[in-house]
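One structure below.
The values are calculated or read from the model by the stated rules, or taken from the named source; none is laboratory data. Only a predicted model underlies this, so the values are computations on that prediction, with no experimental measurement involved. Glycine also receives a Cβ, built like all others from the backbone with ideal geometry; neighbour counts cover every protein chain displayed. Heavy atoms of the whole protein, side chains included, go into the accessibility calculation; ligands, DNA and RNA do not. Shrake-Rupley method; radii C 1.70, N 1.55, O 1.52, S 1.80 Å.
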Amino acid sequence: MTLILDLQEVSKVYPGPPPVQALTGCSLQISEGEYVAIMGRSGSGKSTLLNIAGLLDRHTSGTYLFGGRDTALMSDRDRSRARATNIGFVFQSFYLLPHRVALENVELAFVYAGVARRERRSRAADALAGVGLGHRFAALPRQLSGGERQRVALARALATRPKLLLCDEPTGNLDSNTAATIMALIDDLSASGQTVAIITHDSTIANHAQRTVMIQDGHLRELAA
């Protein structure tokens, strides 16, 4: 099975003074089509791991291969391109532009990925329809419920058909019923073959995944199935 993400003894130190050791010797492999939860409390290193996995930050030592490519050898431009085309992000805060309608917010994914203008609108419409928002193309974020806003964010993340979907506390701002709807949607994406890594502090959310990895004080360990 093809490895999408391969962390080998990855560490991250933020310079001081004093220096902060955020990750220590972390190893994690995620294969194509897997659904993995990374669970840990606030301050455990989850955000640092997300930033490195998502090519938003560079590790200090160890090796990180994304799709078989050594990320340490990538230029900033290569990393930006790989991030825009191969990684979809869903965050707790939806990060939608308030004065852009749902369709335009999803179209932004294609701008960063370098997709031709003539293709953007139809592909954005397809992505919104895929998360059940085919009737809300023209709605501004303030006209959408929390669950609808997260679905727009999910459509934007999926629009470029990424190799990896990274979800960071995707239900953190939602009530329990809406959270269940979003998790059902992510479960369906996994069942269709999408590779998913979900970062959470909530064991209920982590239980949706096929595998769970615990992060504590910058150390990773796999939990028994």
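Close amide H contacts of S11 (hydrogens built in the peptide plane, cut-off under 5 Å, sequence separation of 5 or more or a different chain): G25, C26, T60, S61, G62. A 1.4 Å probe run over the protein chains yields, for the range 72-225, 51 Å² of accessible area per residue, whole-number rounding.
For the chain, the relative contact order is 30 percent, taking Cα pairs closer than 8 Å that sit 6 or more residues apart in sequence and dividing their mean separation by the residue count.
Between H99 and R81, the contour length at 0.36 nm per residue exceeds the alpha carbon distance by 3.9 nm.
The charge dipole of the chain, taken about its Cα centre with unit charges on the Cβ atoms of Lys, Arg (+1), Asp and Glu (-1) only, comes to about 800 debye.
Ranking N177, F110, I198 by Cα position along the charge dipole of the range 70-209, where only Lys, Arg, Asp and Glu carry charges on their C-beta atoms, puts F110 farthest toward the positive end. When a/c is below 1.5 the answer is rounded, else prolate if a/b is larger than b/c, else oblate, so apply that to the chain with a ≥ b ≥ c taken from the square roots of the Cα gyration tensor eigenvalues. Prolate is the answer for the chain, as a/c is 1.5 or above and a/b outweighs b/c.
Can you figure out the FRET efficiency of V13 with S176, using R₀ = 41 Å and their beta-carbon distance, to the nearest 0.05? So, using R0 = 41 Å, E works out to roughly 0.60.
With both labels modelled 7 Å from their Cα along Cα-to-Cβ, the H135 to N207 distance reads 3.2 nm.
Between N86, A139, L3, the Cα set farthest toward the positive side of the dipole of the chain (charges on each charged residue's Cβ, about the Cα centre) is that of A139. Around the amide H of L5, modelled in the peptide plane, lie the amide H atoms of I30, G67, all under 5 Å away and 5 or more residues distant in sequence or on another chain. Counting only DSSP beta bridges whose two residues both lie in the chain, roughly 50 percent are antiparallel.
Indicate the gyration tensor shape class of the range 67-143 (rounded, prolate or oblate), computed on the Cα atoms with a ≥ b ≥ c the square roots of the eigenvalues: a/c under 1.5 is rounded; otherwise a/b larger than b/c is prolate and the rest oblate. Note, shape of the range 67-143 comes out prolate.
Report, in deg cm²/dmol and to the nearest 500, the calculated mean residue ellipticity at 222 nm for the chain, where each DSSP H run with n ≥ 4 adds -39500 (n - 2.57) and the sum is divided by the residue count. Calculated mean residue ellipticity at 222 nm is -10500 deg cm²/dmol. Spin-label model, Y112/D187: points 7 Å from Cα along the beta carbon direction are separated by 2.9 nm.
Taking 7 Å steps out from each Cα toward its Cβ at R121 and T2 produces label points 3.2 nm apart. Would you mind classifying the range 1-95 by shape? Square roots of the alpha carbon gyration tensor eigenvalues, ordered a ≥ b ≥ c; an a/c under 1.5 is rounded, otherwise it is prolate if a/b is larger than b/c and oblate if not. Judged from the Cα gyration tensor, the range 1-95 comes out rounded (a/c under 1.5).
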